[in-house]
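Novice: Have a look at the structure that comes next, please.
The values are calculated or read from the model by the stated rules, or taken from the named source; none is laboratory data. For clarity, every value in this text was computed on a predicted model and none was experimentally measured. Note that each Cβ is placed from the backbone with ideal geometry, even for glycine, and that neighbours are counted across all protein chains shown. Areas reflect the complete protein model, heavy atoms only, side chains present, ligands, DNA and RNA absent. Shrake-Rupley method; radii C 1.70, N 1.55, O 1.52, S 1.80 Å.
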Amino acid sequence: MEVLLALTISLLFATGIFQMLRRNLIRSVIGLSIISNAINLFLLASGAYQGEAAAYANAAGQRSDALPQALILTAIVISMGGFAVVLSMLYVLSVRYKTSDSDEVKGLTH
Amino acid sequence: MISPIVLPLLICALSAGLSVLLAIAPLGRHMPSRWMGWLLAIAPAAAFALLITESPAILAGQSARASIPWMPSLGLNFSLHLDGLSLLFALLVSGIGALVTIYAGYYFTKPEQNVNEDARFFAYLMLFMTSMLGLVLAGDVITLFVFWEGTSVTSFLLVAYKYKDEEARRSAFRALFITGGGGIALLAGLLLIAYSAGSADLAAIAGSGDALRVNALYPVMFGLVALGALTKSAQAPAHFWLPGAMSAPTPASAYLHSATMVKAGIYLLARLHPALGGTDLWFWALSIIGLITMLIGAYVGFTQHDLKALLAYSTVSQLGVLVMLIGQDAEVAFKALAIGIFAHALYKSALFLVAGIVDHETGTRDLRRLGGLWRAMPITFVVSGVAALSMAGLPPLFGFLAKETLLATATHPSVPPIVDVIFPAAAVVAGALILAQAGLIVLDGFLGQARAEHHAHEPPVAMWLAPALPAALSLAIGLLPEPEAIATLLARAATASYGAPVKVSLALWTGINVPLVLSVIAISSGLAILAVRSRLRPLFDRVSSAVRLSVLYDGALTGIDRLAWLATRVQNGKLRLYLVIMLLSASVMVVLIGRPELPAIRMISEGTQQPALTILRIFTLVVISISAIASVLLRRDLFAILALTTSGLSVAVLMLLEPAPDLALVQVVVESLTLVILVLALTRLPREQRARAFEFTFRQSYLGLARDFVIAAISGAIMFVIVLTALTTRPRQSQLTPFFEQNAKPLTSANDIVGAIIVDFRAFDTLIEIAVFAVAGLAIYTLLRYASYKAGDRDAPQPIRDQWMRFLRGIASPRTSPFVQGLARLLLPLTLVLAAIHVLYGHDQPGDGFTAGVIVSLGVASWYVSFGYEETKRRLPWLNPAGFIGAGLLLTLGSAVSAAVINGSFFSPVDFGKRLGIASLPAGVYFSTATLFELAICLTVAGSAVLMLDTLGHPKDADAESAQQIQAIAALAQRGEITLGEDSTDQLEKALPTEEAKPER
């Protein structure tokens, strides 16, 4: 299972990097989102043990590791906030540079 | 009680504060300079007096310490230490400091305009004085370094005091560049020494010399410290900054560049001699550098015409002498060192101050234009004559003794045989040239032909008294029979630096011996040089102008410029290139430094897993991967975004299988909101831009694709190794989770452990997190609404007249069917109820404030999409995103503070329901700080997310394309072809150009 998880995470990472290397800024933003998914998966997989029941106090049996879950919960919301900021920057760039080609976005303009 | 050795420093610091106030306050504009000088001189004078009262104990062989803990965990203290060496320097710093401050008050004449100029000088001077005093009193290397840098910075300000003069600015930069660069090396060296000695304390470092000298890093320590000390003390080949620094006002030159700052390097070397000295490296490096500097200073100084430049070069020469003396491992050398420091400080500051008087009274410092001044200014002439005799090393002055002990050191049996001729010879040559320099000042400046071009007269008493006092002291020490206190002081200073007792006798006459013979040779050849000076100087000048060591400095600067030029060539502005460089460097570093090894791959899954679940997981992983890859391959942006969302939702499924229901919930709602925001942003990009982006994305050359593929594959491979290593070697026992599991229920009465971590155990993190999320919303608002308009952006979209706004496309499209509108009407109350349940049961069941907040914003999003911007604003007047954010954050703080009041601990859990005796709450629902916090999270997240929707969907930012369409609609409406009303959707459908054409193609 670990091998499969590691494979998926690295595949997502590589896909995200490939997307970020596109000249099209929209694709770069998509790549960013894929990478943040990969990282969340990594955190999830790095829990100390796998559980049979959700992390509830009244659950019977082996509970899943609650600590990485709390971290991911935070990470999901934060990365959404960051993602929205990046998108609005994309829009500002498109207005100012009249393009969404990352290669044309260089130098200062006003 | 303030320790007596802190007091002098404290007084100077207070005086520095006062001087800064004078420089910026209106009071300083009206106060005459001389008042200011007298007022501010109180501090150094008081410091001097305090040090004198402290001195009997020091002279008796004791030392005083004061220490204030700074970072005790790192063993760092702000500590001061007073022993013989510190006392000698501190007396010079405060004593000459007081004289210079008074003198400066007369030196500056207050012009009508720029009335605060003199106060600015005083501020720099007092700040420098404080730093310098702190430097010599410092008891540990960190304190020493802080004050060391303080002297570099304040000296920069003083040299650049006449900042309108380009030459002054350049000189100041050069001085800062050289001494500041040395300072960086010094910091590294001091830290290395402190680390090796196990203590930052200077006394402890001095005591661990034996260990330091055999340390393998000893050459590095010595090299770094020497670099700092020798650049500061203007040693060759970095000596040229000192003559350049003469662009400072003369009082500053007299103070910094003769008596104090340039001796900081000498002080440091003398201070560290017990720790680092006595090795071959120490001897050869310091002897050779000192010798060369001594000769260069003596030689070049003789060619100068400017009085101050001449004095600067003679200072360079003297500093070389002192460095050479520290290099010797003999008692007599440290005797000579102490005498040399003191004698030089006395005569050189006097001569600089005289140079200032001459400049002040005649308007020039050029020896070719001066002469015959003795008639007009007899007192100044006498003062300068005495000081110059001391500089020349003639009896019966103190300078004679300094030269005698120097010659005694040069002929000492401890000098290795290879250089036992070179040392005395060089000392004689330098002595002769320095005598000639001193002669130039007196003969060409004060004697000889009087020039009519200036009407010089004596300066005010206080002004000539300032140089007269040190000059008189030079004479007194020579004439008085054995001034006991001064001899003891010098002996204590030499002892502290040598590390073993040194005896100092100040008797001038020690019988006929080798040093005296050499001294006679030096004096007679000096007089001979002086006699033929008019023929010798042009000759000397031709040689010295051929060899300019500042070439090295210029070369270094040019080299740095070239390097910067090369570095900026790589930065071509293409962000993708930067990304590639970063990724590849990171990969190389991981491979080279981390040397990762692929762990053994075990395909057997863990026994606790049910096989059905494992199959489901594998299936989900495959879906995640395929949909991510699909987002690359799908050509239309919209489809790519949908593929991305599929991938994200599959991650949610995986989370559910973990099982982690809270996560899965948040992931689902966040993915949905992300989709809305992405589509929203996409519609705002002009269509032709997207078409072009499409072109270059899918018309990329195969070579480029292959390159990107390889880079992505390398990054993925590195990631694979990292992840696999991390997963296979992770500890299988959690340190923290058992604590949370056991305490969630008893401490926070929470059933949901994840929720308990979020709102109770790690509540402060969560507060910061929602604050970050709130800032994200505000940042988008600022970026899109505020920044583009306030910056006077030419390309900012023009505001469209209000009445047409609701016909804009995107989020504001009114073209939705009544059915969809009806759904939206139903959806919003439903989401509110859902959110309320999440907030209430957040502690007991899956879900929490984050989920609730995002759900509410999804309900609002459906309204924006169905009714359009204006309509939503009109129908939901209670929707105030910024207000939500503020209320949420305030509620969080309020609940945390209430917990602090009730429990005495910030963010601790309080069950209000139980306290107030509300017994009728349903099972699993609590009225507690946790509930309040969940509500606050919900409010903040919803507020920020709605703010994002609101900003991205605001029709005022519509692109030109939409604006044209609006104008078309307006034209149609005016011609009466359509009527605009509540439900004009159908007419607009007809009126607008059809939207079905594929946007990307």
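Novice: Just report the Cα centroid separation between the range B:554-588 and the range B:620-677, whole Å.
Specialist: 38
Novice: Given a cut-off of 26 Å, name the pairs among B:162/B:308; B:308/B:503; B:162/B:232; B:263/B:403; B:263/B:308; B:164/B:263 whose C-alpha atoms lie farther apart than that in the structure shown.
Specialist: Working: B:162/B:308 16 Å; B:308/B:503 35 Å; B:162/B:232 22 Å; B:263/B:403 18 Å; B:263/B:308 18 Å; B:164/B:263 29 Å.
From B:162/B:308; B:308/B:503; B:162/B:232; B:263/B:403; B:263/B:308; B:164/B:263, over 26 Å: B:308/B:503; B:164/B:263.
Novice: Express the carbon and sulfur contribution to the solvent-accessible surface of the range B:838-883 as a percent, rounded to the nearest whole number, probe 1.4 angstrom.
Specialist: Numbers: 860 of 1420 Å².
Accessible surface attributable to carbon and sulfur in the range B:838-883 totals 60 percent.
Novice: Would you mind telling me the share, in percent, of accessible area of the range A:2-104 contributed by carbon and sulfur at probe 1.4 angstrom?
Specialist: Details: 1910 of 2800 Å².
Carbon with sulfur: 68 percent of the solvent-accessible area.
Novice: For all pairs of alpha-carbon atoms in chain B, what percent lies in each bin of width 20 Å, listed from the first bin to the last filled one?
Specialist: 11, 29, 22, 23, 14, 2, 0
Novice: Roughly how tilted is helix B:84-107, in degrees to the nearest 10 and between 0 and 90, from the longest Cα axis of chain B?
Specialist: It is inclined by approximately 90 degrees.
Novice: Distance between the C-alpha centers of the range B:21-56 and the range A:33-84? Whole Å please.
Specialist: 65
Novice: Restricting attention to the range B:54-119, which GluC sites (Glu not before Pro) occupy a DSSP loop and are surrounded by at most 11 other Cβ atoms within 10 Å?
Specialist: Values: sites: B:54, B:112, B:117; in loops: B:112.
Sites meeting the loop and neighbour criteria: B:112.
Novice: Using θ = phi - 60° and the Karplus relation 6.51 cos²θ - 1.76 cosθ + 1.60, list the HN-Hα couplings for the range B:681-686 in order, rounded to whole Hz, with x at every Gly or Pro.
Specialist: Once θ is set to phi - 60°, the couplings for the range B:681-686 become 5, 4, 5, 7, 7, x Hz.
Novice: Under a point-charge model restricted to the Cβ atoms of Lys and Arg (+1) and Asp and Glu (-1), what is the dipole moment magnitude of the protein assembly as shown relative to its Cα centre, in debye to the nearest 20?
Specialist: Details: 74 positive and 70 negative charges, 417 e Å.
Around 2000 debye, computed over the protein assembly as shown.
Novice: With a 1.4 Å probe and every protein chain left in place, tell me how much accessible area residue B:688 has, in Å² to the nearest 10.
Specialist: Counting only protein heavy atoms, the figure is 120 Å².
Novice: Going toward the positive end of the dipole of the range B:162-284, with +1 on Lys and Arg Cβ and -1 on Asp and Glu Cβ, which of B:281, B:176, B:244 do you reach last?
Specialist: B:244
Novice: Rounded to the nearest 10 degrees, what's the angle between the helix B:533-546 long axis and the longest principal axis of chain B, both from Cα atoms, 0 to 90?
Specialist: Between helix and principal axis, roughly 30 degrees.
Novice: Same structure, new question: Would any residue of the range A:9-43 have its amide N under 17 Å from a label point 7 Å out along Cα→Cβ of residue B:698? List them or say none.
Specialist: Zone members listed by number: A:19, A:22-28.
Novice: Which whole-angstrom value gives the distance between the alpha carbon centres of the range B:395-465 and the range B:841-868?
Specialist: Here the answer is 87 Å between Cα centres.
Novice: Name the residues of the range B:645-663, by number, that are at least 50 Å² less accessible with every protein chain in place than in the isolated chain; the surface is that of heavy atoms, probe 1.4 Å, without ligands or nucleic acids.
Specialist: Buried-area filter returns B:658, B:659, B:663.
Novice: Then there is this: For the range A:2-104, give the magnitude of the charge dipole about the Cα centre (Cβ charges: +1 Lys/Arg, -1 Asp/Glu; no others), in debye to the nearest 20. Present the calculation step by step, with values, prior to reporting the outcome.
Specialist: Numbers: 6 positive and 6 negative charges, 71 e Å.
Its charge dipole is roughly 340 debye.
Novice: Here is a further query. Dimensions of the range A:2-104 along principal axes (Cα, Å, largest first)?
Specialist: 59, 27, 13
Novice: Then there's this: When only DSSP loop residues count, what trypsin sites (Lys or Arg not before Pro) in the range B:679-722 have their Cβ near at most 15 other Cβ atoms within 10 Å? Before the final figure, lay out the partial values.
Specialist: Numbers: sites: B:684, B:687, B:690, B:692, B:699, B:707; in loops: B:699.
The qualifying sites are B:699.
Novice: Give me the accessible area buried between chains A and B, both sides summed, with a 1.4 Å probe, in Å² rounded to the nearest 100.
Specialist: Values: alone 8130 and 46650 Å², together 45570 Å².
Separately minus together, A and B give about 9200 Å² buried.
Novice: Now, a different point. Considering only protein heavy atoms and a 1.4 Å probe, what is the carbon-and-sulfur percentage of the accessible area of the range B:306-531?
Specialist: Values: 5430 of 7800 Å².
Carbon and sulfur atoms account for 70 percent of the accessible area of the range B:306-531.
Novice: Given points 7 Å out from each Cα along the Cα-Cβ axis, report the residue B:70 to residue B:591 separation in nanometres with one decimal.
Specialist: 4.4
Novice: Which angle between 0 and 90 degrees, to the nearest 10, do you get for helix B:378-392 versus the longest principal axis of chain B when only C-alpha atoms count?
Specialist: Its long axis makes an angle of about 90 degrees.
Novice: Okay, moving on. Size of the protein assembly as shown along its principal axes in angstrom, Cα-based, largest extent first?
Specialist: Largest to smallest, the principal-axis extents are 117, 75, 67 Å.
Novice: Let me ask something else. So which chymotrypsin sites (Phe, Trp or Tyr not before Pro) in the range B:73-164 pass both tests, a DSSP loop state and at most 12 other Cβ atoms within 10 Å of the Cβ? Before the final figure, lay out each step's value.
Specialist: Values: sites: B:78, B:89, B:103, B:106, B:107, B:108, B:121, B:122, B:124, B:128, B:145, B:147, B:148, B:156, B:161, B:163; in loops: B:108, B:161, B:163.
Of the chymotrypsin sites (Phe, Trp or Tyr not before Pro), the ones in loops of the range B:73-164 whose Cβ has at most 12 other Cβ atoms within 10 Å are B:163.
Novice: Another question, if that's okay. Compute the signed sum of charges (Lys and Arg +1, Asp and Glu -1) over the other residues within less than 14 Å, Cβ to Cβ, of residue B:660.
Specialist: On the way: positive: A:63, B:617; negative: A:52, A:65, B:658, B:662, B:752, B:848.
Here the count lands on -4.
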